[in-house]
Every structure is written in structure tokens, then in C-alpha cells.
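Beneath this line is the structure, given in C-alpha cells, with notes to follow.
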Amino acid sequence: MTKATERGSPGRHRRDTNALREIALGGVLVGLLAAEPASAAGTLEHAPYGKTQNGQAVDIFTMTNELGMRVRFLSYGGVITEIDVPDRAGRMDNIALGQRGLVEYETLPGHFGAITGRYANRIGGAQFTLNGQTYRLIANNGANTLHGGPNALDHQVWTVAPATAQDGVAASLSYVSKDGDQNFPGTLTTKVVYTLTDDNVLRIDYTATTDKDTVVNFTNHTYFNLAGNGSGSVADQLLQIDADRYTPTGSDQIPTGEIAPVDGTPFDFRQVMPIGARLHSAFQQMVYAHGYDHNWVLNKREGDGLTFAARGYDPRTGRVVDCLTTEPAVQVYTGNGLNGSLVGSAGTTYRQTDGFTLETQHLPDSPNKPNFPSTELKPGREFHSTTVYRFSSDAALPPIPR
């Protein structure tokens, strides 16, 4: 952040914020809201990746669009292993952190690039009550359940098939989670479609149905580093989040139930701000999480469709990612658990702030917080959710005002 921004007037900040929102919305929404399938472009290739510890075959899939952008993912957990995008000079690099191989994805923590569910984020006390019945889940995050449990959807082999796409290439991933899986009620049939368009948009569409009342919350857990995987800290990369409020937590990182204003806190990213500017703040929420691991409540109304959530920008390479979603919130995590003990796919050790997530989702612990938007899914109804990541550079898009 330059000194000019620091000295800028409140009016200037408001104009910058409005300009950023207009740029993001104008540049992303056009052509994304229409979801009718059309003739596909680009290529979808696959190859063997290995076998799980219980002998299931896993493939790696490569989606490439006509501009050369590439997204690679596994049938195991739907894990996105690579997102190759150009910088301002057209140089391609992978901006997604990852593990070294299948064994590491199976056994090491981090949820790198995976589809997370049946319930993304935390459920306090590893239990919830639905229709008067208490369901006791499997605790895998202290006394809580994180991302659906220890053997959740990110640790399953999904069925992958080509799908039709509008101006690009797409793949459909399907999985059936049986009644009682990780102690959740209902057989949950889930489909996730990854679409890579020819204007460098990665779109993720989630659908799910159940045969019994249950709760669902899905997200993708990709860690972004816009300077490139293994390039070091994202502390100087810039972030804006279109959220006036967030959900404070207790020391166990379970929301208290309050939806608090970001004003005057390290969680105020309504104006562009370096990710690391307040990372070491003594603000109690930052102490609890050892950094950012919080849910921002987006500035949207119930019933709003695909709307702007956040933007990340790397001034060194010029890479930009805009995130839009139908979800009411986004979890930003700065990899606080990465301590140098894990060697990633770039051949370097990962440490805190080597990546950041934009996990679009419902609010954590919603089944135990009646004032939060409901995550219940009933038989006969279909869960729908869409998140878009649009990649560009400041060579083609005006840079974030700074």
C-alpha cells in the first residue's frame, strides 16, 4: 500500500471502492449469469495418477482453454492441483498450492484444493440437533467437526465425466454419500461441475439432493498465491472483501453467534489492503486464530444471485483474481497451520501466509446458530450454489486503486 493511499481522503477511498466494485462486477458478470450449455471449446484430458491406500484408481484431469490457461484436478476429492494463469507479461505460472502426490493428499492436513463437505467449516461440539434429534459427528478439530469429518468428501474418489460448457470446457464430478456417512443423516447425492471458460474464468457449480432431512455446506479449499506456488508470502498481495460484517469466534474458533461490524477491526477489507498489514494485530480474534481464519458476511440480500465477493491482486506480477458467489459468506484463511514441516508441490516448504483461501460458503456452525442463514436440505429439494473465480492481470484490467 503506497503512502498516497494512506493519505487519501475518505471520499477518495469511497471512490476507489466503488470503482473497484464496478470493475469487478462489470468485467465478471457479463456472460456468466447465463448457464445454458453450448458447444464446448478447449480440451479435457486425463491420465492415471495412482491408487489410494485401499486400492482405488485415481486420475488427474487437465482442462485447457483456447488462451492456454490450464486447470488440473484429481478424481480424489476433486482436488484442484494447479491453476496456470498468465501474469501481466503473459508468463504462465501455477498459482495454486498443493501436495507432492496422492499419498500426501490422503494423509497430510490442509485440504489443499479439495471439495469440502458434507459440511464445510466447523460444527461446534461435533454435534447438532435437527427435528429434535441430536446427531453426534466425528470430532477432528479439537472438540469440533471440521470440513465434514476425518473421512469426508475431500477423501473420496469421485466419478468424473465430460460436461458441456459455454465457451470453454467442463467436467462433472459426482459422489453419493450414504446415510450415516461421518454420522450425518441422509443419503446425499452430490454433483460438482468445474468449468473453465475461454475468458479465463473458473466456475464451480454445486448441486445436491438428499433422501432425509440433513445439513449441507460446500466450498473449495484452494490456497491462492498470485505470485506463483512456492514463491513465498502473500502478505504484500492486496485483498478487498465486499463485507461490512463478520462472525467473531471464541477461542475454539466456533462463532459466538454475533454478526459484528468490521469497522475499526483488522477485518475491514472494504478498501484494498495488504493481506499482512494487520496480520500480527493483538486484536483478540487474531490471537485466537493466529491470523485470519474467519467468515465474512457478504453485502448481499437473501435471494441475490451471483454477486461480487472479493478481489485479490499481486502488484509484482499484476495477476488478479475476482471471486463472485451465490453464497452468503466467504472464509479467508492465511494458512496459519503451515509451519514449514510440509513440503508442497513446488518443492518448497509451506509456511503461514504462503497462500490464502477464498472459501465461499454458508456461515460456520449454522446448524447450532438459529440466527444464521439455514443450511438445512430436505428431500424433494435441490441444493444449488455457484462460485466464480475470474483471472486477469492489470495489463488488461485497470489495477486496484492504490
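How far is it, in nm, from the label point at Asn54 to the one at Thr129 when both lie 7 Å from their Cα along the line to the Cβ?
Each label point lies 7 Å from its Cα, and together they span 3.3 nm.
Setting aside same-chain residues fewer than 8 positions from Lys51, which lysines have a Cα under 25 Å from its Cα?
Filter leaves Lys178, Lys191.
Using r as the Cβ-Cβ distance of His290 and Thr256, and R0 as 22 Å, what FRET efficiency do you calculate, to the nearest 0.05? Please report the intermediate quantities before stating the final value.
Numbers: r = 18 Å, r/R0 = 0.83.
Once the sixth-power term is evaluated, E becomes 0.75.
Which whole-Hz couplings ³J(HN,Hα) result when phi for each residue of region 72-88 is put into the Karplus expression 6.51 cos²θ - 1.76 cosθ + 1.60, θ = phi - 60°, listed in order with x for Gly and Pro?
Values per residue, Gly and Pro as x: 10, 8, 9, 6, 7, x, x, 4, 7, 8, 8, 9, 9, 10, x, 8, 5 Hz.
For the charge dipole of region 231-334, defined by +1 on Lys and Arg C-beta atoms and -1 on Asp and Glu C-beta atoms about the Cα centroid, which residue among Gly264, Ala235, Val332 has the Cα displaced farthest towards the positive pole?
Positive-most Cα among the choices belongs to Ala235.
Compute the signed sum of charges (Lys and Arg +1, Asp and Glu -1) over the other residues within less than 10 Å, Cβ to Cβ, of Thr386. Could the numbers behind the result be given before it?
On the way: positive: Arg203; negative: Asp205, Glu327.
Surrounding charge for Thr386 is -1.
Output needed: percent of Cα pairs per 10 Å distance bin for region 306-402, bins running from 0 to the one holding the longest distance.
13, 29, 33, 19, 5
In whole Å, what are the extents of region 355-395 along the principal axes defined by its C-alpha atoms, from largest to smallest?
Reported extents, whole Å, longest axis first: 47, 24, 16.
Please list the non-local residues whose amide H lies under 5 Å from the amide H of Phe128, H modeled 1.01 Å from N, same-chain partners needing a gap of 5 or more.
Close amide H contacts, sequence-distant or interchain: Tyr135, Leu137.
How do Arg351, Arg122, Arg390 stack up against each other in accessible area, from largest to smallest, with a 1.4 angstrom probe?
Working: Arg351 125, Arg122 15, Arg390 45 Å².
Output order, biggest surface exposure first: Arg351, Arg390, Arg122.
Computed from the mean reciprocal separation of all distinct C-alpha pairs, what Kirkwood hydrodynamic radius does the chain have, in Å? Don't skip to the answer; put the middle values down first.
Details: mean 1/r = 0.0471 Å⁻¹.
Answer for the chain: a Kirkwood hydrodynamic radius of 21.2 Å.
Rounded to whole Hz and in sequence order, give me ³J(HN,Hα) for region 348-359 from the Karplus expression 6.51 cos²θ - 1.76 cosθ + 1.60, θ = phi - 60°, writing x for Gly and Pro.
With coefficients 6.51, -1.76 and 1.60, one gets 10, 7, 9, 10, 3, 6, 6, x, 9, 9, 10, 8 Hz.
Using mean Cβ contacts within 10 Å as the protection proxy, how do 204-211, 92-99 order, highest first?
Working: 204-211: 20.2, 92-99: 22.2.
Most protected by this proxy first, the peptides run 92-99, 204-211.
In Å³ and rounded to a whole number, note down the convex hull volume per residue for the Cα atoms of region 208-349.
On the way: hull volume 21.9 nm³, N = 142.
Convex hull of Cα atoms, per residue: 154 Å³.
Just need log10 I(q)/I(0) for region 273-353 at q = 0.20 Å⁻¹, Debye formula, equal scatterers on the alpha-carbon atoms, no solvent, rounded to two decimals.
-1.10
First compute the accessible area of region 252-326 with a 1.4 Å probe, then give the percent of it belonging to carbon and sulfur atoms.
Values: 1460 of 2930 Å².
Here it works out to 50 percent.
With every protein chain present, what accessible area does His290 have (1.4 Å probe, heavy atoms only), rounded to the nearest 10 Å²?
Counting only protein heavy atoms, the figure is 130 Å².
Once phi is turned into ³J(HN,Hα) by the Karplus curve 6.51 cos²θ - 1.76 cosθ + 1.60 with θ = phi - 60°, what whole-Hz value does each residue of region 176-182 show in order, with x for glycine and proline?
After applying 6.51 cos²θ - 1.76 cosθ + 1.60, I find 10, 9, 6, 3, x, 4, 6 Hz.
Could you tell me the largest-minus-smallest coordinate of the C-alpha atoms of region 243-286 on each of the three principal axes, in descending order and whole angstroms?
Extents along the principal axes, in whole Å: 27, 21, 13.
Return one whole number: the accessible area per residue of the chain in Å², for a 1.4 Å probe.
On the way: 15820 Å² over 402 residues.
With all protein chains present, the chain gives 39 Å² per residue.
The values are calculated or read from the model by the stated rules, or taken from the named source; none is laboratory data. The model shown is predicted, which means the values in this text are computed figures rather than measured ones. Cβ atoms come from the backbone with ideal geometry, glycine included; neighbour counts cover every protein chain shown. Each accessible area value is taken on the protein alone, full model and side chains, heavy atoms only, with ligands, DNA and RNA left out. Shrake-Rupley method; radii C 1.70, N 1.55, O 1.52, S 1.80 Å.
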